[in-house]
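Encoded as structure tokens, the structure appears first; notes follow it.
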Amino acid sequence: MRRLGVVGVACLAASGVLSCGQLIGLDDFRPSLGTGGVAGTAGASGAGGGSSGSAGNGGSSGVGGSQVGGAGGGTPCTKNAECDDGKACNGVETCDGNFCQNGSGVDCSGIDSTYCAGKCFETSSGPKCQLTAKDTDGDQHGDSRCQEATGDDCDDSNENVYSGAPEICDGLDNDCDGKGDLEEGLPIGGAQFKLETLTERLGGRFVAVGTNDLGVMWGDQVGGDYRLFFRVYDFNGQPLSAVVPLSAAPGSGGTTFQSNPLFDLIVEGDHYAAGWIDQTDGAPAAYVQRVARDGTLIGSRVRVGDASNGSSISLAASAFGVGAFFSAPNGSDVELKIMIVNPGGVLNPRAGLSSPGKLFLQPGAGFGGGRYAVAYSVVEGATAHLTLGYMDALFNVGDQYPASSPLTNVPNEAYERFYVQPTQSGFLASYAHIALPSTQRIGAAILDASGQYVCGPSDASTETAASIKLAGAVGVGADHYLVVGTLPPAGVGGISFVPFAADCTAGTPVPVIRDRLVLPDADVGSNGTLSALVYLDATDGTFDLMLRTFGPNLCD
């Protein structure tokens, strides 16, 4: 072995490593311990013929195996110089007992052995260790988490991910530039189907995606009555049930619903649950109806309570039943009403959230991690607080709103419905705010499971002098896309996916439906593998209820 050189910094162009790390002399490292040396070579002679020497036992000195073969001899020597193989990285060979013994190699494990690795190189000045970023997935790009030597692989467990990698439709940031598949320009995937032709353009269409099918409900005028309808389809838009009327014909000249999307549809176990606000009894009230996957109504519709005029309803399912959230009159004020409709259709009332002089409007709810989250607007005078509150699955009064806090304060002008979706570690609360007379904003915030802000609220889309609607959000890994429908005063509009990253940074909107007269009321649902978008297309002079389905990455 050559003698040790001085500590230095060098770059070995011929080393074949990804990054040129710091070359450190042997004195900066420790001898290899616990691994032992290489087995000795077979003895050249001796009684009965020599056998291979055994490997070293890796003791505290890490001495290699003896070259002495059995009772015979190994490579004979009289001094250390006769054993030197000219290589420094494998340690200093010595002459011991007239036979050559292996040395202990240089340990180049480095400082951060989790993401970094070290390799010994032979140099003219002695052995040098170069710290490099580990390449666990074998894609020839080192782990970017190695602090001692820069790598350019942001996911060293996947050979398809590294800086400069071609972007493919897999839901991953293949080229490590912080952009998802759609932002990289991959085309929107999926297939599109026409479901029904309606007679009216009444606002609101909702979809819920099950494991093997999807449910769609919509409003239409039939025989002069405004009614709410439901149907089950497969993922290719083929009907699996008859069209089922959900709401009763209006009484006292009332209408079942208004122009706003005052209803909701969710999957609850092996069936669907629909909720809506109508005036069939002459005054606004909230109702819930369960529907089997073959379109059969399960029991009768349940009247869950009086509703304030113009309120929306939001449903979220847990093992205890369907949680219904809606605004209800409370004397001269309006409270956020909370009811549980048990699996048997029995009402389980829970205390609402009420405070004098405040209005609670347009709630949106979701269930995840064993708790409900609900977003809503609290109006105090000329200011409105967009608020997100948490409660446990049974709505225990003491735990009802332990983490309620305002998302943002804005002028009391006008609001669209809020949406709440569970994320990998909390909730995404999205909202639409109309700053009259012309500016409309779509935004969202991400919160963790304890109700603390991860980031936001952040605006994701702003439109001027246009009709804009929020249709919810769909998740791809840790990222989300807000689904936004836009209808300008003149011309045609469309529907876009607005990237909303895990740090609440909004990307460039990606058109999904373009150059069509698409009415902006739409809805999106997902079962974690397949996502579905329903909307109304009036381009050809008819009101066509449309379905577009997507794979888990939206580009498939």
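Quick notes on this one:
- Condition check for Y162: hydroxyl-bearing (S, T, Y) and crowded, with 23+ Cβ neighbours inside 10 Å: yes
- Test: L214 is open to solvent by 10 Å² or more (accessible area, probe 1.4 Å) and of a type in the set (A, V, I, L, M): no
- Contact map, the range 93-110: residues that are among the aliphatic types (A, V, I, L, M) paired with residues that are assigned to a strand (DSSP E or B), Cβ distance under 8 Å, separation 6+ or inter-chain. Pairs shown: V106/P31; V106/C120; V106/P127; V106/C129.
- Scanning the range 525-553 for residues that are of a type in the set (A, V, I, L, M, F, W, C) and open to solvent by 20 Å² or more (accessible area, probe 1.4 Å) gives L530, F543, M546.
- Some residue of the range 543-550 being of a type outside the set (A, V, I, L, M) and outside any strand (DSSP E or B): no
- Screening E93 with (1) acidic (D, E); (2) open to solvent by 30 Å² or more (accessible area, probe 1.4 Å); (3) in contact with a Gly (Cβ under 8 Å, 6 or more places away or on another chain) gives one miss only, at (2).
Here is a yes/no grid of residues against (1) part of a strand (DSSP E or B); (2) modelled with pLDDT under 90; (3) crowded, with 16+ Cβ neighbours inside 10 Å:
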| site | (1), (2), (3) |
| --- | --- |
| P127 | yes, yes, yes |
| S157 | no, no, no |
| P166 | no, no, no |
| K179 | no, yes, yes |
| G189 | no, yes, yes |
| G203 | no, yes, yes |
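- Restricting the range 285-328 to residues that are modelled with pLDDT under 85 and not in a strand (DSSP E or B), the residue that is nearest to the chain's Cα centre (by Cα): A319
- Each residue in the range 296-330 was checked for being open to solvent by less than 10 Å² (accessible area, probe 1.4 Å) and on the phi > 0 side of the Ramachandran plot, and 1 pass.
- Among (1) among the charged types (D, E, K, R); (2) open to solvent by 40 Å² or more (accessible area, probe 1.4 Å); (3) more than 30 Å from D270 (Cα to Cα), the one test that D170 misses: (3)
- The residues on offer are D139, D107, and the sole one that is surrounded by fewer than 23 Cβ atoms within 10 Å (Cβ to Cβ), in contact with a Pro (Cβ under 9 Å, 6 or more places away or on another chain) and of a type outside the set (K, R) is D107.
- Residue match in the range 191-203 (condition: closer than 28 Å to E268 by Cα and aromatic (F, W, Y)): yes
The values are calculated or read from the model by the stated rules, or taken from the named source; none is laboratory data. None of these values were measured; they are calculated from a predicted model. No Cβ is skipped: glycine too gets one built from the backbone with ideal geometry, and neighbour counts run over all protein chains shown. Protein only, heavy atoms only, side chains kept; ligands, DNA and RNA dropped before computing areas. Shrake-Rupley method; radii C 1.70, N 1.55, O 1.52, S 1.80 Å.
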